[in-house]
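Okay, structure first, notes after.
Every number here is computed from the coordinates shown, using simple stated rules; none is lab data. Please read all numbers here as calculations on a predicted model, not as lab measurements. Glycine gets a Cβ as well: all are built from the backbone with ideal geometry, and neighbour counts include every protein chain shown.
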Amino acid sequence: MTPEELIRAAIGAINGFDREAVERLCTDDFQMFSPMSEIRGHPYEGHGGAHQWLDDMEENFESVDAGIDEIREIRSDRYLVLGDVKVEGRTSGLDYVQRVGWVVELRDGGIRCIWLIVDPEEAEKKAATL
């Protein structure tokens, strides 16, 4: 699987809250940094953390639809992904679309780390400085 195919498969798995696919696509020492991890005070870690992140997403959102507009290679193991995330709040029913950037780090054919950043310009800076 190419890095682009891997990233697209992971975003598809996240959209479908597919824990088995996420586990298959991520390394054992996976880390997820997102606005929700900031609230928790630490990243989601490992396969259990990936499952918890999806649980938290399902608890808060009726649906999540992340779309990819661009995948840009920063270096062989790091990619900047730009796109939109459309969510529907579970309790509020509020729909909104947020432009986002993901910085995705790969290792050994899997996703090692994801930073979900709600400001694409900040995501570009993060991708360049990690």
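Distance between the modelled labels on Ala21 and Thr129, one decimal in nanometres: 3.4 nm (7 Å Cα→Cβ projection). Full extension of the chain between Arg8 and Glu122 yields a length gain of 38.9 nm, computed as 0.36 nm times the residue separation minus the alpha carbon distance. Secondary structure note: in the stretch 3-129, about 90% of the DSSP beta bridges are antiparallel. Taken over the chain, the convex hull of the Cα atoms encloses 96 Å³ per residue.
Each Cα pair under 8 Å and six or more residues apart adds its separation to the average, and for the chain the resulting relative contact order is 23 percent.
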